[in-house]
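The values are calculated or read from the model by the stated rules, or taken from the named source; none is laboratory data. All values derive from a computational prediction rather than experimental measurement. Reconstructed Cβ throughout: ideal geometry from the backbone, glycine too, with neighbour counts over all protein chains shown.
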Amino acid sequence: MELNQEQLSALVDDELEQVGPAISRLLAADGAADRQRWARYHLIGELLRDGGAEAEAAGLGARISQAIAADPPLIAAPKPAEAPARRWLRPAHALAASLAAVGVFGVSQVVSLHRGASEFPLAQPGSNYEGEQGDTLGVSASERAEQRRRLNSYIVNFNEQRDSLTLPKLHPYVRIVGFHNEGKP
Amino acid sequence: MGEHLADEELVARVQRGDKCAFDLLVLKYQHRIVKLVSRYVRNPADALDVTQEAFIKAYRALGNFRGESAFYTWLYRIAINTAKNHLSALGRRPREGDVYGADGEPISLDELQSDGDTPEKSLLVDEIKQTILKTMAALPEDLRTAITLREIEGLSYEEIADAMDCPIGTVRSRIFRAREALDAQLKPLIEQ
């Protein structure tokens, strides 16, 4: 079946919606006339853009076709599958990124706590330091305890997963958020 | 419409073993590659040989082409490298304005004009160019504008439709009719 010539013209311009079927028809055994037209349409474009017709005059297309005729047909190498190690690292990277965010959050909280501490008397041994700071910052001790519990449980989870992924270079952020009166109100 | 869709389809077919699809890519890009290579290799016959070599290299490397760049960009790089290698093999570096003989030495204009193409081929090329120019001049205004905006200005059908204030289908039809008029004059020259 011959390709609709207007479709061929649109194909030359990459303006055809259904490219696959058109190319199939172009490459069909009885599509020689269409292939020649394809070549002439491209040549017209080149001539209008001040290109030359030297390749056409020299029969370059036929020469190249003849030159590769002896080559075996190409079979493209399959796209390399993602290496298992890289696939394995992906959740670890996500975990590290989220932990970094937690670390930043934790640091900012500690910094703000320390700033607050400089403006107020230092906690004395045995005093409920956190409870006092909680009041100063407008956060109740129970809210702070809940935040710390969630944070610590996150860190515990991370450490467990880190061990299972054997990532020895990643350090937990326990020191940043660790307080000494765990369990006290 | 997606740019280079036809190229992607053709490349995929070559990679599945269809050599004929590569012929279509050659027919599409041979003129541009000859023009490109001619900037490095001034001798017309050598430029054609280097172009042929570049296409053969491209075909043999196409199995590893992943489509990270457009096919033409990839082919362009191969052609430039092939041209530079050709000049290196001649022991020369490409310089702006250099005109080379096959031995790598600068050649005179007389030599250049007589080298490579036969007079018949040169005449044919000139005749083809003149025919296209004459036919373009004789085209109805709307057809000439449509094909000019497409081929010379590189506008998409949608942009041409905006510029000419007509539907895209009309643009498509006008470009096709312009090509048909040009092809009717070109075909006998090519086939002679």
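When region A:1-13 is limited to residues that are more than 7 Å from chain B (Cβ to nearest Cβ) and under 19 Å from B:His4 (Cβ atoms), the one that is nearest to the chain's Cα centre (by Cα) turns out to be A:Val12. Of the residues in region A:58-66, at least one is of a type in the set (A, V, I, L, M), crowded, with 22+ Cβ neighbours inside 10 Å, at the interface with chain B (Cβ under 7 Å from one of its Cβ atoms) and under 11 Å from B:Leu27 (Cα atoms).
Taking region A:1-31 as the range and being among the hydroxyl-bearing types (Ser, Thr, Tyr) and either assigned to a loop (DSSP other than H, G, I, E, B) or free of Cβ contacts under 8 Å to residues at least 12 places away in the same chain (or both) as the test, only A:Ser24 passes.
Considering each residue of region A:32-52 in turn, none proves to be within 41 Å of the chain's Cα centre (by Cα), outside any helix (DSSP H, G or I), free of Cβ contacts under 8 Å to residues at least 24 places away in the same chain and more than 15 Å from B:Ile152 (Cα to Cα). Output the residues belonging to region B:19-36 that are closer than 12 Å to B:Ala83 by Cα and surrounded by fewer than 24 Cβ atoms within 10 Å (Cβ to Cβ). Passing the criteria: B:Lys35, B:Leu36.
Scanning region A:14-25 for residues that are surrounded by fewer than 23 Cβ atoms within 10 Å (Cβ to Cβ) and closer than 18 Å to B:Asp23 by Cα, we see that the one that is farthest from the other protein chains (Cβ to nearest Cβ) is A:Arg25.
Matching residues to (1) assigned to a helix (DSSP H, G or I); (2) free of Cβ contacts under 8 Å to residues at least 24 places away in the same chain; (3) more than 7 Å from every other protein chain (Cβ to nearest Cβ); (4) touching a Pro at 6+ places or on another chain (Cβ under 7 Å):
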{"site": "B:Glu9", "(1), (2), (3), (4)": "yes, yes, no, no"}
{"site": "B:Val14", "(1), (2), (3), (4)": "yes, no, no, no"}
{"site": "B:Gly17", "(1), (2), (3), (4)": "no, yes, no, yes"}
{"site": "B:Tyr29", "(1), (2), (3), (4)": "yes, no, yes, no"}
{"site": "B:Ala45", "(1), (2), (3), (4)": "yes, no, yes, no"}
{"site": "B:Val50", "(1), (2), (3), (4)": "yes, no, yes, no"}
{"site": "B:Ala54", "(1), (2), (3), (4)": "yes, no, yes, no"}
{"site": "B:Leu62", "(1), (2), (3), (4)": "yes, no, no, no"}
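Considering region B:31-43, and only residues there that are more than 7 Å from chain A (Cβ to nearest Cβ) and hydrophobic (A, V, I, L, M, F, W, C), the residue that is nearest to the chain's Cα centre (by Cα) turns out to be B:Ile33.
For the residues B:Tyr76, B:Tyr40, the requirement of being modelled with pLDDT of 95 or more and surrounded by 15 or more Cβ atoms within 10 Å (Cβ to Cβ) singles out B:Tyr76. The set of residues from region B:135-157 being more than 10 Å from chain A (Cβ to nearest Cβ) and either among the polar types (S, T, N, Q) or more than 22 Å from the chain's Cα centre (by Cα) (or both) comprises B:Ala137, B:Ala138, B:Leu139, B:Pro140, B:Glu141, B:Asp142, B:Leu143, B:Thr145. Taken together, B:Leu87, B:Leu149, B:Leu155, B:Leu143 contain a single residue that is in a loop (DSSP other than H, G, I, E, B) and at pLDDT 85 or above, which is B:Leu155. If you scan region B:158-188, which residues turn out to be within 9 Å of chain A (Cβ to nearest Cβ), closer than 17 Å to B:Lys129 by Cβ and surrounded by fewer than 18 Cβ atoms within 10 Å (Cβ to Cβ)? Matches in region B:158-188: B:Lys187 only.
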